[in-house]
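A short write-up of the structure that comes next.
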Amino acid sequence: MTLRSTWLLLALLMLAPMPALAEAAPTPPRSVDSPMPDEGGPAAFDRLFRELDLGGLGEATPDQAREEVARLHGLLPTGDARRELEYRYLACRLPADDPMAGVEAASQGLEDARRLDEKPAQARFLYCRARSREALGRPDQSLTDWEAGLALAREAGEWRLVADGLIGRGHMRSLLGEHARALNDFITAQELYTSTGNARLARDNVINLGTAYRRMGEYDKALAHLQQGHDQAAGRGDGNAQALALLQQGYLFEELDQPAKAQDAYERLIELLGDQGSPSEIGFGRVALGSALIRQQQYRPALDALAKAEADFASIQDTSSLDRLHLHRGQALAGLGRHREALVEFNAAARHMAAANNERYLALLLPERSRTLEALGETEQALDDYKHFIEIQERLLASMSEQRSVAMRHQYDATRRELDTRRLTTETALRRQELDALMKARRWQWIALSLGVVLVLVLATLVWRQKRRARRLGVMAMTDELTRVANRRNIELFGEEAVAAALDERRPLTVLALDIDFFKKFNDTFGHHAGDRVLTRVAAAAQGALRQIDRLGRIGGEEFLAVLPGTGAEAGAQVAERVRSCVEDLDLDDIADGIRVTISIGVAELHPADADFKALVARADRALYRAKANGRNRVEPDLPASGT
């Protein structure tokens with residue numbers, strides 16, 4: 001089960017901690033009786049601020065954090081407006097009983113920072129306000145603040161602060177279902193932390209990466225990252241990070257339908273927090289524990305855990321988890337047969353989820369409420385809930401598939417960039433070694449070396465020219481002259497190699513057969529020159545909708561083939577629909593007024609029974625003919641043979 005934000009367990013973990021906790025403590029007036037700052041003045045203040053800002057505050061308990069911030073206040077130079085903003089920012093990160101007061105304090109800090117034209121301080125207060133707005137259940141406003149803070153951090157050239165903002169924005173994007181974009185934020189933040197020498201923050205970010213992978217359904221990667229994050233936190237005695245890792249591991253085990261393991265993780269979390277954790281952290285753990293107990297049909301213990309969680313949240317006026325609280329309480333009551341009471345809880349949960357526009361949670365709620373309505377004899381309403389659930393589930397599944405596709409493209413591109421960087425680094429190192437060796441040679445060798453260099457340059461020039469000519473001829477021989485995509489020979493060779501690799505490595509492979517609808521009629525009406533221009537535009541649109549590892553080829557007339565390595569039929573159909581949509585949206589008014597071109601596509605996935613690439617293409621062609629027969633401008637999958 002995908003549960004609500006774990007932001008509150010990030011409290012004091014790193015610069016982007018708890019969203020619910022953002023009340024900036026006012027600066028108390030200094031009196032003649034106030035203690036003088038510790039010896040060291042501004043330099044001592046700066047040292048302590050850097051230590052707390054770079055993670056020291058996150059590894060402390062709430063009480064320790066308050067003591068450290070109070071110590072920082074004692075070092076604050078009188079009348080130093082910039083350092084006062086830095087102090088107020090750290091005070092803003094302390095646990096707050098009233099998130100709305102946190103919003104107001106952060107807004108006041110933002111206004112003061114603007115008057116001083118302190119862009120880094122403005123970014124920090126925007127981050128603080130974003131966390132408080134998240135605690136108030138206002139994800140859209142929170143995301144807006146993260147975006148604004150990021151822009152200011154970039155403008156100021158504060159790259160570590162940019163990384164902090166990426167972490168916060170990544171959490172919000174993940175909560176809103178944009179998991180691939182969230183993962184991209186976390187990976188970029190990791191690169192920035194590493195490049196700016198912030199190893200501690202890069203280490204803490206491992207848990208964020210694990211959380212993003214979990215929400216995308218990449219459970220093996222998620223578990224590896226979360227276990228690594230937990231072990232690192234345990235090694236340095238960071239209870240907050242351990243608690244966050246345990247919470248995410250519990251969520252993961254619930255999604256894998258292993259509630260006993262999830263319960264163990266949650267109980268370890270609550271025990272770890274003990275009396276040192278904030279009410280919000282402990283409340284999160286108890287809500288999660290209630291969910292795991294419900295999955296094991298332990299309904300009364302679940303109700304007890306949820307009641308304690310409600311008291312935890314009420315003590316600090318935190319309303320961000322009421323949706324989950326009502327949902328799980330309804331599940332427990334329904335499990336005890338108290339369906340009328342359960343319906344009240346489910347309805348309350350639905351109101352909170354609708355207000356937050358949270359379809360992920362609605363997908364958890366609706367089938368539960370449907371069963372309760374059915375038990376109460378309200379079958380029509382139960383059916384409405386179930387239909388609504390199916391609609392949401394289809395959207396979520398489509399979004400998940402698209403998110404994985406985006407993540408795969410990002411991962412592929414990142415890997416390619418890394419390999420290119422390594423290659424260039426190696427080549428540079430080798431050249432430097434060669435140069436060092438040459439500099440140590442005797443003077444008479446310079447003459448021979450010079451002659452050798454001249455000879456090498458001449459030969460290299462000849463080889464380069466020959467290779468360029470051969471490459472140009474090769475490209476001409478393997479490229480369709482009109483559309484500049486692969487020609488028939490090229491795509492067939494590529495397809496045969498892809499089939500052999502897919503069968504050998506047992507990986508999926510999908511082929512798309514594309515045909516422009518009514519192209520002959522278009523040629524007859526507008527002429528072959530216009531037809532050639534349309535072919536070129538269609539090929540470019542289709543090529544742009546494919547990944548870099550895919551290949552598009554023209555096999556004759558208005559017919560094209562696309563080979564998609566590592567892609568199954570379902571993902572291939574999504575790619576085909578993207579290609580079809582891109583072609584349909586083409587603006588061709590510069591060719592002829594008011595014309596519109598569409599394509600039909602047949603999709604076929606490689607089967608072990610396929611003798612060769614031609615057999616796979618034949619099945620894609622049959623699907624294409626079916627698309628033509630069913631009205632054109634559509635995607636049709638290959639149908640399984642009768643009897644299979």
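The values are calculated or read from the model by the stated rules, or taken from the named source; none is laboratory data. Keep in mind it's a predicted model, so treat the numbers as computed, not measured. We place every Cβ from the backbone using ideal geometry, glycine too, and count neighbours over all the protein chains shown.
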Notebook entry, point to check: Residues of the stretch 50-61 being crowded, with 20+ Cβ neighbours inside 10 Å and modelled with pLDDT of 80 or more, which ones?
Noted result: Leu52
Notebook entry, point to check: Quick one: which of Asp264, Asp304, Asp318, Asp312 is surrounded by 24 or more Cβ atoms within 10 Å (Cβ to Cβ) and over 27 Å from Leu183 (Cα atoms)?
Noted result: Asp318
Check: Does Gly544 meet the test of being touching a residue at least 24 places away in the same chain (Cβ under 8 Å) and within 17 Å of Glu492 (Cβ to Cβ)?
Finding: no
Next item on the list: Determine the pairs where a residue that is over 18 Å from Arg360 (Cβ atoms), located within the stretch 249-260, has a partner that is hydroxyl-bearing (Ser, Thr, Tyr) and crowded, with 20+ Cβ neighbours inside 10 Å with Cβ atoms under 9 Å apart, the partner being 6 or more residues away or on another chain.
Entry: Pro259/Ser291
Next item on the list: Being assigned to a helix (DSSP H, G or I) and of a type in the set (Asp, Glu) is the filter here, so list the residues in the stretch 219-266 that pass it.
Entry: Asp220, Asp231, Glu254, Glu255, Asp264
Checklist line | Pair list, Cβ under 8 Å, 6 or more apart: the stretch 607-631 residue touching a residue at least 24 places away in the same chain (Cβ under 8 Å), other residue in a loop (DSSP other than H, G, I, E, B) and hydrophobic (A, V, I, L, M, F, W, C) | finding: Leu616/Leu606; Ala623/Leu639; Arg626/Leu639
Check: Within the stretch 612-621, is there a residue that is aromatic (Phe, Trp, Tyr) and either buried (at least 18 other Cβ atoms within 10 Å of the Cβ) or in contact with a Leu (Cβ under 6 Å, 6 or more places away or on another chain) (or both)?
Finding: yes
Note to self: Just to check your reading of the model, which residue among Ala302, Ala348 is under 17 Å from Gly137 (Cβ atoms) and of a type outside the set (Asp, Glu)?
What the structure shows: Ala348
Next item on the list: Kindly indicate which of Arg173, Arg154 is assigned by TED's automatic domain parsing to the domain that holds Arg236, without any contact (Cβ under 8 Å) to a residue 24 or more places away in the chain, basic (Lys, Arg) and within 21 Å of Ala123 (Cα to Cα).
Entry: Arg154
Next item on the list: Pick out the one residue from Leu247, Leu273 that is of a type outside the set (Val, Ile, Thr), assigned by TED's automatic domain parsing to the domain that holds Asp231 and out of contact with any Ser or Thr (no Cβ under 8 Å at 6 or more places or on another chain).
Entry: Leu273
Next item on the list: Out of Glu218, Glu281, Glu255, report the one residue that is acidic (Asp, Glu), farther than 21 Å from Phe346 by Cβ, crowded, with 21+ Cβ neighbours inside 10 Å and within 26 Å of the chain's Cα centre (by Cα).
Entry: Glu281
Margin query: Checking the conditions here, which among Leu514, Leu552, Leu535, Leu561 is free of Cβ contacts under 8 Å to residues at least 60 places away in the same chain and among the aliphatic types (A, V, I, L, M)?
Written below: Leu535
Check: When Asp312 is evaluated against the numbered criteria (1) more than 29 Å from the chain's Cα centre (by Cα); (2) within 26 Å of Gln393 (Cα to Cα); (3) of a type in the set (D, E, K, R); (4) in the same structural domain as Arg173 (by TED's automatic domain parsing), which criterion, by number, is the only one it fails?
Finding: (2)
Item checked: Every residue from the stretch 108-118 that is of a type in the set (D, E, K, R) and either surrounded by fewer than 19 Cβ atoms within 10 Å (Cβ to Cβ) or in a helix (DSSP H, G or I) (or both) -> Glu111, Asp112, Arg114, Arg115, Asp117
